[in-house]
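K.L.:
There's a structure below that I have some questions on.
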Amino acid sequence: MKTTTSSLILLILLFSLPLFSVSQGVGDIRDSELNLNLQIDQISSRYVVPVYVRLQALEDGNVTLWESIPQNFSDYVASIESTLLALSFSSNTLDFNLTGDTVRNLWVSANYSLKAGDYVSTLMWVSSRAVSEDLSAIGFVPYLSSYPDNVETFLESGRKIPVENQTIQALAASFSQTQGNMTQTVQNVLDFVNKQGYDPDKARLLLSGNLTTPDILDVFKDALEVHETNKSICTERSWYAAAILRAAGVPTRTVTDIRLKTWIQVWLPNKGWVDAETLCSDPPPHLDMFPKSVSAHVPWMIENMSDAAFPLTWLPRMPMKVANLTFINATYADFDQYKTILSKPVRAEVFNQDPTKFRFPVAVKPETVYAAVTENESSALTFSLFKDEQNASEVIILGGFNSVVVDNVAVSFRPVLQDGFLVLQDFQVEEVRQFDFRLLIPFLAIPVVLVAVWMVRRRGKRVK
């Protein structure tokens with residue numbers, strides 16, 4: 001009889017053991033080996049692309065990281081709606097500011113006090129789509145004797161664009177003898193620069209995470225060095241083309257997208273800015289180079305005087321290691337390191353038309369959790385969470401503590417408005433530990449077992 005009783009108790013305990021397991025916290029879950037397969041190309045198909053910048057300090061010091069924020073983009077070739085869904089700052093950010101420049105970039109500057117080995121990072125989520133595109137051929141366009149003030153500056157020399165150099169001037173003269181046709185001058189220069197050899201070693205260096213230089217610009221050749229070595233990557237080739245075109249009297253600037261691809265824009269009378277390709281190992285037909293299709297690109301930064309190689313810079317130029325420039329796989333994002341998020345609210349009616357285009361992840365393991373910030377007609381702001389088929393929304397209370405819970409995930413923050421952006425401070429993602437009533441089963445089973453044992457023993461005594 002003792003064997004029967006012990007076996008019954010053992011079976012109950014074995015049945016109840018799985019019920020005693022308490023689910024992990026979000027921070028613990030993120031350390032698991034689950035692969036969510038959130039690769040960049042898959043995210044792109046959902047309209048949302050991650051941009052990741054990670055730098056490591058090589059010595060103690062104070063530094064300000066400047067990073068460009070993509071804005072809606074429109075020129076002669078295309079009109080692209082670009083929305084910054086979220087820009088997350090690493091938790092060691094002291095403060096930040098927003099500012100605009102004359103080239104139509106919006107910049108965010110974040111301040112840090114670092115020890116050698118400390119990392120600073122930002123994680124940006126961008127949504128975009130091409131609204132229109134016109135790749136029709138451009139006919140004869142005459143030179144002007146003068147240009148608008150906001151265009152004239154793009155005829156001047158830059159740090160990597162030595163317009164006044166005699167070699168550059170000679171090249172420009174040889175390509176601009178086209179009966180005063182700006183269009184043909186652009187075609188001639190593109191035909192020439194796109195026959196340059198490609199520099200795969202430079203590309204590998206930039207993407208290796210081993211770049212350790214106090215000034216990232218030193219890694220790049222200027223236009224004259226590109227001419228002398230006959231080898232370049234897209235950024236260098238864009239400066240090369242810009243130098244020749246500026247020397248030939250064609251206002252030219254460069255554009256970099258979120259994948260760090262760089263091309264040029266030329267300004268033509270009655271046309272405005274027109275995109276042109278400056279990286280082709282085998283140059284395609286002219287219409288593919290000029291105008292250049294930009295429907296698949298999200299412009300990140302427009303440059304003026306080539307004083308920045310990428311849409312980021314840091315001051316003072318203390319030694320920093322460029323650990324990462326972009327994400328290859330978003331699964332490796334550690335959302336715990338970001339405690340401040342800058343978000344541009346999306347109009348509610350626009351969001352409702354295509355919610356997947358305007359959501360950004362705040363946790364990716366074990367199940368993807370997305371967030372969105374929307375604004376209705378009365379300017380009321382709402383923060384929403386989405387997990388699988390579930391969602392939850394709360395009206396945002398500025399300056400106070402806010403919390404939104406969906407399923408077993410809770411997000412909390414303190415929001416403030418700054419220059420049209422919503423700043424979510426003290427941002428945290430936590431697991432809600434809900435009580436599992438199944439845990440009571442073993443305890444409720446104990447009296448039943450005791451009664452059963454008592455009845456068995458009593459029956460045994462009667463049999464005797």
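The values are calculated or read from the model by the stated rules, or taken from the named source; none is laboratory data. Source: prediction; values computed, not measured. All Cβ positions, glycine included, derive from the backbone under ideal geometry; neighbour counts span all protein chains shown.
K.L.:
State yes or no: is Ser157 within 27 Å of Ile216 (Cα to Cα), of a type in the set (Gly, Ala, Ser) and assigned by TED's automatic domain parsing to the domain that holds Glu303?
P.N.:
Details: within 27 Å of Ile216 (Cα to Cα): yes; of a type in the set (Gly, Ala, Ser): yes; assigned by TED's automatic domain parsing to the domain that holds Glu303: yes.
In short, yes.
K.L.:
Pairs needed: first member in segment 345-361, of a type in the set (Lys, Arg); second member anywhere, part of a helix (DSSP H, G or I); C-beta distance under 9 Å; at least 6 residues apart or different chains.
P.N.:
So the pair list comes out as Lys357/Val350; Lys357/Phe351; Arg359/Phe351.
K.L.:
Which condition does Asn111 not pass, out of (1) assigned to a strand (DSSP E or B); (2) touching a residue at least 60 places away in the same chain (Cβ under 8 Å); (3) not small (Gly, Ala, Ser), if it passes all the others?
P.N.:
(2)
K.L.:
Could you please give the count of residues in segment 84-127 that are touching an Asp or Glu at 6+ places or on another chain (Cβ under 6 Å) and either farther than 21 Å from Met318 by Cβ or of a type outside the set (S, T, N, Q) (or both)?
P.N.:
Of the residues in segment 84-127, 4 are touching an Asp or Glu at 6+ places or on another chain (Cβ under 6 Å) and either farther than 21 Å from Met318 by Cβ or of a type outside the set (S, T, N, Q) (or both).
K.L.:
Which numbered condition trips up Ala323, out of (1) of a type in the set (A, V, I, L, M); (2) part of a strand (DSSP E or B); (3) modelled with pLDDT of 85 or more?
P.N.:
It fails just one condition, (3).
K.L.:
Next up: Does segment 209-223 include one or more residues that are closer than 20 Å to Val103 by Cα and in contact with a His (Cβ under 7 Å, 6 or more places away or on another chain)?
P.N.:
Going residue by residue through segment 209-223, those that are closer than 20 Å to Val103 by Cα are 217.
Then keep just the ones that are in contact with a His (Cβ under 7 Å, 6 or more places away or on another chain); that gives none.
So far as segment 209-223 goes, no, none of its residues is closer than 20 Å to Val103 by Cα and in contact with a His (Cβ under 7 Å, 6 or more places away or on another chain).
K.L.:
Looking only at segment 392-408, decide whether some residue is touching a strand residue (DSSP E or B) at 6+ places or on another chain (Cβ under 6 Å), modelled with pLDDT under 90 and either surrounded by 20 or more Cβ atoms within 10 Å (Cβ to Cβ) or farther than 27 Å from Tyr332 by Cα (or both).
P.N.:
no
K.L.:
Of all residues in segment 332-359, which are surrounded by 14 or more Cβ atoms within 10 Å (Cβ to Cβ), under 14 Å from Thr122 (Cα atoms) and not polar (S, T, N, Q)?
P.N.:
Ala333, Phe335, Asp336, Tyr338, Lys339, Ile341, Leu342
Matching residues to (1) out of contact with any Cys (no Cβ under 9 Å at 6 or more places or on another chain); (2) of a type outside the set (S, T, N, Q); (3) within 16 Å of Val186 (Cα to Cα):
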site: Lys231; (1), (2), (3): yes, yes, no
site: Tyr240; (1), (2), (3): yes, yes, yes
site: Ile244; (1), (2), (3): yes, yes, yes
site: Gly249; (1), (2), (3): yes, yes, yes
site: Thr254; (1), (2), (3): yes, no, yes
site: Asp257; (1), (2), (3): yes, yes, no
site: Lys261; (1), (2), (3): no, yes, no
site: Trp267; (1), (2), (3): yes, yes, yes
site: Lys271; (1), (2), (3): yes, yes, yes
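K.L.:
Which of the residues belonging to segment 206-232 are in contact with a strand residue (DSSP E or B) (Cβ under 6 Å, 6 or more places away or on another chain), of a type outside the set (Lys, Arg) and without any contact (Cβ under 8 Å) to a residue 60 or more places away in the chain?
P.N.:
Val226, Asn230 - these are the residues of segment 206-232 that are in contact with a strand residue (DSSP E or B) (Cβ under 6 Å, 6 or more places away or on another chain), of a type outside the set (Lys, Arg) and without any contact (Cβ under 8 Å) to a residue 60 or more places away in the chain.
K.L.:
While we're here: Determine whether segment 164-171 contains at least one residue that is out of contact with any Asp or Glu (no Cβ under 6 Å at 6 or more places or on another chain) and within 21 Å of Val274 (Cα to Cα). Before the answer, list the steps.
P.N.:
Here is the first cut: in segment 164-171, the ones out of contact with any Asp or Glu (no Cβ under 6 Å at 6 or more places or on another chain) are 164-171.
Now drop any that are not within 21 Å of Val274 (Cα to Cα), which leaves none.
Checking segment 164-171: not a single residue is out of contact with any Asp or Glu (no Cβ under 6 Å at 6 or more places or on another chain) and within 21 Å of Val274 (Cα to Cα).
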